[in-house]
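Visitor: Supplied in structure tokens, the structure appears directly below.
Each value in this text was obtained by applying a stated rule to the coordinates, not by laboratory testing. Predicted model, so just to flag it, every value in this text is computed and none were measured. Reconstructed Cβ throughout: ideal geometry from the backbone, glycine too, with neighbour counts over all protein chains shown.
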2 protein chains.
Amino acid sequence: MDYEKILPGIIKKNDKKILLAVLDGVGGIPHKETGKTELEAANTPFLDGLAAESSCGTAIPVLNGITPGSGPGHIALFGYDPVETQIGRGVLECLGIDAPLEKEDIAIRGNFATVDGRRIVTDRRAGRIPTEENRKIVALISENIREISGVKIEIRTVKEHRCAIMLKGSGLSPCVSENDPQKEGAPLKSITPLDKQSEKTAKILAEFEDRVIELLKKHDSKAKGILLRGISRLPQIPGFAEKYKLNAVCIASYPMYRGVSKVAGMDIAPCGETVDEEIETLREIYGRYDFFFLHVKKTDSYGEDGNFGAKVKFLEELDNKLRVMKNLKFESIAVTADHSTPAVLKSHSWHPVPLIINSPNAIPDDVKKFTERECAKGILGRIYSKEIMYLLLACALKLDKFGA
Amino acid sequence: MDYEKILPGIIKKNDKKILLAVLDGVGGIPHKETGKTELEAANTPFLDGLAAESSCGTAIPVLNGITPGSGPGHIALFGYDPVETQIGRGVLECLGIDAPLEKEDIAIRGNFATVDGRRIVTDRRAGRIPTEENRKIVALISENIREISGVKIEIRTVKEHRCAIMLKGSGLSPCVSENDPQKEGAPLKSITPLDKQSEKTAKILAEFEDRVIELLKKHDSKAKGILLRGISRLPQIPGFAEKYKLNAVCIASYPMYRGVSKVAGMDIAPCGETVDEEIETLREIYGRYDFFFLHVKKTDSYGEDGNFGAKVKFLEELDNKLRVMKNLKFESIAVTADHSTPAVLKSHSWHPVPLIINSPNAIPDDVKKFTERECAKGILGRIYSKEIMYLLLACALKLDKFGA
């Protein structure tokens with residue numbers, strides 16, 4: 001991306017503050033009966049008023065037509081290229097449970113599975129064992145397999161049949177094939193290195209797999225083996241301090257988003273479970289940072305559930321809470337989403353997301369509502385999500401002139 | 001293009017159908033007297049109604065300011081980069097007559113020309129000899145020049161002075177200079193290799209040229225030599241089945257468009273000469289494919305002729321015929337063009353083309369007319385033509401989420 005060539009020469013520190021407010025999955029498509037999207041159906045006077053005094057537009061999270069997961073959606077909002085900077089599944093699984101994953105560690109997503117005596121996978125999810133049972137198995141493994149070939153093994157429960165594994169040590173590399181046959185009735189695949197550097201890692205994982213199977217033989221559970229997937233490492237990208245000279249903090253009640261923020265080198269503020277607690281946290285730590293990433297989850301959750309009405313109702317409640325943005329002083333504010341999650345589709349989607357850039361240095365346009373269709377008429381036009389950070393920095397006067 | 005990095009991991013097959021309707025050269029610029037473009041002057045209630053319930057926008061075929069030929073225009077609509085994936089003229093000529101061109105063959109566009117004893121080109125088109133005369137000359141050459149240096153030579157009549165030549169054999173390469181001096185009164189240029197790999201090809205073509213001149217000396221025709229142009233090979237690109245998991249078919253009454261579709265691996269449906277026959281074909285084969293490329297030629301032809309009124313009248317007739325789109329069931333439909341052909345300019349142009357994406361999963365906007373200026377206000381904004389395929393795939397729910 002051309003920004004990388006320019007940024008180091010023009011980024012500067014000042015005391016102005018930036019707020020990136022991400023309403024996860026806020027975008028929708030029209031309800032079949034009313035013809036209105038969730039945002040169009042909701043009464044959101046604060047966000048509409050903010051739009052009226054802001055530059056508006058829409059943002060493409062990755063590329064036209066591409067539906068992003070939460071990882072690429074946020075990586076783009078943080079100003080990194082979401083195709084170049086991909087976060088492995090194993091890394092996401094670890095970050096999603098606040099596991100202490102370090103730059104050089106190997107992260108793996110594990111599924112406890114039912115495996116027969118000939119290593120045929122008969123249930124890839126071991127009957128979705130209860131989380132409590134998962135915890136017992138994880139304790140058993142932790143006690144018995146602390147390290148292999150000098151590399152520390154850490155395993156954590158995620159939920160049901162899912163766990164996360166970290167390898168901590170030297171000489172590791174994540175280019176290793178997975179053992180998951182992807183279907184039932186097939187044998188576990190052998191774990192093989194995909195390059196020279198990954199031979200040690202493959203050997204360790206193959207031994208780990210054997211020892212887990214051995215341990216689970218005597219254990220009373222449907223879990224008789226482990227599928228090792230998404231073998232990966234933290235993306236090696238410069239964090240916000242290095243890239244933007246920002247002292248950045250994440251306020252997110254869900255672990256996954258804290259995890260992605262850690263990838264970008266943000267501090268993580270403990271913030272409770274609710275939007276009210278998140279906003280209270282924002283107030284409390286306002287003096288200590290110059291960049292604030294505020295993440296609101298439930299817009300996405302209700303979209304995924306296909307609960308159009310609940311998403312609308314939540315938006316109306318949220319609208320009032322967001323007034324804090326104007327009470328605290330930010331030089332630039334973005335309100336947007338990591339992707340759309342239309343309740344009609346019950347899933348993430350590819351539709352561009354509405355975007356507000358509020359700043360004394362932005363040009364207000366005719367848009368008076370924070371909706372997909374109104375923002376599409378705004379002065380910002382249609383941009384890529386990875387450009388938003390640069391507009392926020394510019395509006396906060398943190399970017400010097402490029403060239404003489 | 002970044003799409004290539006993402007697509008293999010997210011493309012999936014389902015039973016939903018896609019229609020790409022290309023109204024060749026449909027875009028125009030305003031008539032000097034009325035201030036209206038062809039689309040603005042035409043009464044097109046069906047297309048306007050479709051626009052009203054669709055996402056609208058405009059598409060840039062190649063790059064702003066660049067006027068595309070039919071090749072790049074369609075390559076972009078098929079989702080390939082039109083600058084990376086260029087189709088040689090020789091290839092297009094062969095494909096345009098349904099000639100059996102294979103991946104490794106060298107394809108050449110030939111012009112029979114009048115050439116004097118000193119090899120000066122005196123008429124680059126040999127007085128546009130009748131096609132019947134062309135056939136006799138082609139038969140003569142075919143009989144006498146079957147192969148050179150172990151490489152098989154196949155020559156076919158196109159029409160008037162135009163023919164197509166294929167070289168079939170090993171060790172060939174298309175980086176060879178043309179012999180066409182591009183103007184009359186100048187001598188035939190010598191055919192030279194432009195790289196090491198092309199030496200054999202250059203030698204064969206030089207000998208072919210000599211032998212054709214020799215043969216035509218005794219033949220009663222204005223054709224006394226041959227211009228060898230557009231020396232090229234099929235682009236080595238993945239077809240629709242591989243790239244998109246689509247079972248795709250082309251319905252186009254003109255050979256050139258069938259040819260470009262073959263490059264993209266589409267099946268070719270025999271479809272007659274008229275739009276009515278094309279549409280009847282669409283109905284007939286509807287059950288057998290999941291992607292349909294429907295090509296309408298006359299919008300372009302009338303534009304090239306500078307016949308503003310005929311283009312308007314044809315659009316009005318066409319409008320009613322296109323109702324078939326809504327009678328058959330498609331999950332996503334694009335109506336657009338490969339480029340503009342303003343009657344005012346009597347040629348292709350660089351102007352972005354109007355675009356409709358119709359789907360239950362697309363967001364309708366305020367646009368209520370299928371015209372250049374109204375579509376420019378649509379929610380899709382201005383995109384590149386090569387992105388259209390991805391929107392069609394997304395709206396037909398054929399793209400999985402990218403990243404977790």
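Visitor: In whole angstrom, note down how far apart the Cα centers of the stretch B:43-102 and the stretch B:238-274 are.
Guide: 13
Visitor: Oh, and also: List the lysines whose alpha-carbon lies under 16 Å from that of A:K369, not counting same-chain residues fewer than 8 positions away?
Guide: Straight-distance partners of A:K369: A:K36, A:K377.
Visitor: Placing +1 on the Cβ of each Lys and Arg and -1 on the Cβ of each Asp and Glu in the stretch A:92-232, which of A:F208, A:L194, A:S221 has its Cα farthest towards the positive end of the resulting dipole?
Guide: A:S221
Visitor: Could you list, in their original order, any pairs among A:K12/A:K386; A:K16/A:K401; A:K152/A:K218 whose Cα atoms are separated by more than 22 Å?
Guide: Check vs 22 Å cut-off fails for A:K152/A:K218.
Visitor: Sticking with this structure for a sec: For the stretch B:1-154, what D do you get in µm² per second when you plug the Kirkwood radius from alpha-carbon pairs into Stokes-Einstein at 10 °C and 1.306 mPa s?
Guide: Values: Rh = 21.0 Å.
The estimated diffusion coefficient comes to 76 µm²/s.
Visitor: Select from B:F314, B:F292, B:F240 the residue whose mean-square fluctuation is largest in a Gaussian network model of chain B (Cα-Cα springs shorter than 10 Å).
Guide: Top of the fluctuation ranking is B:F314.
Visitor: If the label for B:D276 sits 7 angstrom from Cα along the Cα-to-Cβ line, what are its distances to the same label in every other copy, in nm to one decimal, shortest first?
Guide: Inter-copy label distances (nm, one decimal, shortest first): 7.2.
Visitor: Roughly how many nanometres apart are two label points built 7 Å out from the Cα toward the Cβ at B:E184 and B:A310?
Guide: 2.5
Visitor: Can you tell which of B:G169, B:G35, B:G96 shows the greatest fluctuation in a Gaussian network model of chain B with Cα springs below 10 Å?
Guide: B:G35
Visitor: Step through the residues of the stretch A:273-284 one at a time and calculate ³J(HN,Hα) from phi using the Karplus curve (6.51 cos²θ - 1.76 cosθ + 1.60, θ = phi - 60°), rounding each to whole Hz and writing x for Gly and Pro.
Guide: 10, 9, 4, 4, 5, 4, 6, 4, 4, 4, 4, 5
Visitor: Here's something else I'd like to know. Check which residues have an amide H placed less than 5 Å from A:K346's amide H, if you skip close sequence neighbours.
Guide: Counting only residues 5 or more places away or on other chains, the set is A:G306.
Visitor: So which aspartates and glutamates pass the test for A:K245, namely a Cα distance under 12 Å, with those fewer than 8 places away in the same chain ruled out?
Guide: A:D15, A:D290
Visitor: Now for a separate question. Can you tell me what percent of all Cα-Cα pairs in chain B are more than 42 Å apart?
Guide: Result for the distance tail: 19 percent.
Visitor: For Cα pairs less than 8 Å apart in space and 6+ apart in sequence, what is the mean separation divided by the residue count of chain A, i.e. the relative contact order in percent?
Guide: It comes to 33 percent, rounded to a whole number.
Visitor: Continuing with the same structure: Between the label point of B:Q197 and that of the same position in each other copy, find the distances and list them shortest first in nm, with every label point placed 7 Å from Cα along the Cα-to-C-beta direction.
Guide: Going from nearest to farthest copy, the values are 3.1 nm.
Visitor: Under 15 Å from the Cβ of A:I129, count the other residues' Cβ atoms, weight Lys and Arg +1, Asp and Glu -1, and hand me the total.
Guide: Working: positive: A:R124, A:R125, A:R128, A:R135, A:K136, A:K159, A:R162, A:K222, A:K224; negative: A:D123, A:E132, A:E133, A:E160, A:D220.
Result for the local shell: +4.
Visitor: In A, who owns the beta-carbon nearest the axis carrying A over to B, and how many Å from it?
Guide: Of all Cβ atoms in A, the one closest to the rotation axis yields A:G381, 4.
Visitor: Here's another thing I want to ask about it. For a 30 Å ceiling on Cα separation, which of these pairs sit above it: B:K298/B:K329; A:K196/A:K297; B:K346/B:K368; B:K243/B:K329?
Guide: Those over the limit are A:K196/A:K297.
Visitor: Still on this structure, please answer the following. Based on a Kirkwood Rh over C-alpha pairs, give the Stokes-Einstein translational diffusion coefficient of the protein assembly as shown at 4 °C and viscosity 1.567 mPa s in µm²/s.
Guide: Roughly 43 µm²/s, to the nearest whole number.
Visitor: Counting other C-beta atoms within 10 Å, which of A:K386, A:K313 has the fewest, and how do the rest follow?
Guide: Arranged by neighbour count, lowest to highest, A:K386, A:K313 become A:K313, A:K386.
Visitor: From the convex hull of the Cα coordinates of the stretch B:92-232, what is the mean projected area in square nanometres?
Guide: 7.5
Visitor: With each run of n ≥ 4 DSSP H residues scored as -39500 (n - 2.57), what mean residue ellipticity at 222 nm is computed for chain B after dividing by its residue count and rounding to the nearest 500 deg cm²/dmol?
Guide: Calculated at 222 nm, the ellipticity per residue is -9000 deg cm²/dmol.
Visitor: Further question: Could you work out how far the C-alpha centroid of the stretch A:132-166 sits from that of the stretch B:370-401, in angstrom?
Guide: Using only Cα atoms to place each centre, the spacing works out to 47 Å.
Visitor: In addition: Hey, can you grab everything whose amide H is under 5 Å from the amide H of A:V158? Only 5+ residues off in sequence or another chain; H modelled, so Pro and N-termini drop out.
Guide: Counting only residues 5 or more places away or on other chains, the set is A:C163, A:A164.
Visitor: Hey, which lysines would be in cross-link range of B:K159, C-alpha to C-alpha under 16 Å, not counting anything within fewer than 8 residues on its own chain?
Guide: Within the straight-line limit of under 16 Å, B:K159 reaches these lysines: B:K136, B:K222.
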